[in-house]
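Bear in mind that the values in this text are calculations on the coordinates, not laboratory data. Just so it is clear, the structure is predicted and the values come from calculations on it, not from any experiment. Cβ coordinates were reconstructed from backbone atoms using ideal geometry, including for glycine residues, and neighbour counts include every protein chain displayed.
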Amino acid sequence: MSSPPIEIDASALPPLGMAPEAFLRDYWQKRPLLLRNAFPGFESPIAPEDLAGLACEDGVLARLVAHERAASPQGRDRWLLRTGPFPESLFPTLPDRDWTLLVQDVDKWDADVAALLPAFDFLPRWRVDDIMVSFAAPGGSVGAHVDQYDVFLLQAQGRRRWQIDDGPDPPLHFRPDTELKLLQRFAPTHDWVLGPGDMLYLPPGVPHHGVAEDACLTFSIGMRAPSAAELMGDWVDTMIADADEGLRYRDPDLQPAADPYEIDAAAMARVVEALNLLRMNDPDRLGDWFGRFITLYRAGGEAAAGADPRSRIEVEWDLQQGGALHRHPFTRMAWRRARRSARLYVAGQEHALPARDASRVAAAASIDARLYGALGDDARDLVFALLGQGHYRLLTADAAGADGVDGDD
């Protein structure tokens, strides 16, 4: 059976050029795919100067990567990394080429960038990490590297050349002379130039190298992929915190020791038995742990309670007058069905709610009077409590109009 194509024109059925089921079956975490015209006629919702301004703000995760080319073929090039926030005076001093500005979580700071996310709703939203936006001067790059998560690389402005190594067992040794994890050797099997609206999907572990052909913007829609060590570390911490002190190593079947200094096979079997007492065999406990973990994992910011909370009657009045509760951009939500009641997970918290309400609250970036009124009493109580914790911001109809914010969910 022949392999699916590595390059397609997606314009007939954007953004994937095929049904999501076919993409997930044939490409997801299996092979790369270049999607020409994934977003036909695409125009970047953010300008390079706006991205530079964002990189100057406190609390924004930004990096600047510069490439100093070797002076001779026998010389060694250099890669330099700086982290933000940056002074505004920096950008006019940068050279005309060979540097890249990268800003994480731009979807949390810019609603127009966040508006791209529904195009990826064929994936669980809790799997999506962020939209990183990079601006590169001509020749700008971050070097040949490999990611351990799925990523969609959408060309937003200008042109970028992408090379990938889709061969079996590519070399993955890193250069020792830079703090960036750059590959020592990179032998591309494919070479493409992407223009606005083109998108490259890369599963984990595929070496790739992108170089700006001209001044360009690239959007990286990256996935959350905690390592087994990260999962195990948080899981063990939870197990330790919840452990019953009465659960201990026991040896009621102990026999006289042949050698009192030997840790024998029977002792090791009892160690395994003691550890197994801590196993999370309850699916609901395991699900609650993971829901709390994944809604906090790699969070770039957090909500904080406001200084002057409004009363509930005032909030509900404002909703009736056309206001809306807008979720904090760094507050992640997900939900799960459980045996007795569904669970809503909010930035590491868990809350019992009926499945219908948990689903609606998790999916709503904003809550207006119609949605609020359709929720049950427990869900409305929770929404008000989350407002008090800073997970929502109340915008009255007047304020929403002044800010250009649509109050509909």
Expressed in angstrom and rounded, the centroid-to-centroid distance over alpha carbons for the range 185-222 and the range 246-279 is 54
Of the range 161-199, those with amide N under 17 Å from the point 7 Å along the Cα→Cβ vector of S3 are 163-171, 187-192
The relative contact order of the chain, taking Cα pairs under 8 Å that sit 6 or more residues apart, comes to a percentage of 13
Distance in nm between L24 and S359 label points, each 7 Å along Cα→Cβ, equals 1.5
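For Cα pairs less than 8 Å apart in space and 6+ apart in sequence, what is the mean separation divided by the residue count of the range 7-223, i.e. the relative contact order in percent?
Working: 504 pairs, mean separation 55.8, N = 217.
The value is 26 percent.
Among S311, S359, which comes first, then next, by fewest other beta-carbon atoms within 10 Å?
In increasing order of surrounding Cβ atoms, one gets S311, S359.
Work out the FRET efficiency for V271 and R337 from their Cβ-Cβ distance, taking R0 = 41 Å, and round it to the nearest 0.05. Provide the component values of the computation, followed by the final result.
Values: r = 36 Å, r/R0 = 0.88.
Working from the Cβ atoms, E equals 0.70.
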Expressed in nanometres to one decimal, the distance between label points 7 Å along Cα→Cβ at L81 and L286 is 3.6
For R343, the net charge from surrounding residues (Cβ-Cβ under 12 Å; K, R +1; D, E -1) works out to +2
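Starting with the highest mean, order 139-146, 151-158, 230-237 by the number of other Cβ atoms within 10 Å, averaged over the residues of each peptide.
On the way: 139-146: 19.9, 151-158: 22.8, 230-237: 13.5.
Result, highest mean Cβ count within 10 Å first: 151-158, 139-146, 230-237.
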Out of W235, A66, G301 - ranked by how far each Cα lies towards the positive end of the dipole of the chain, with unit charges on the beta-carbon of charged residues - the top one is W235
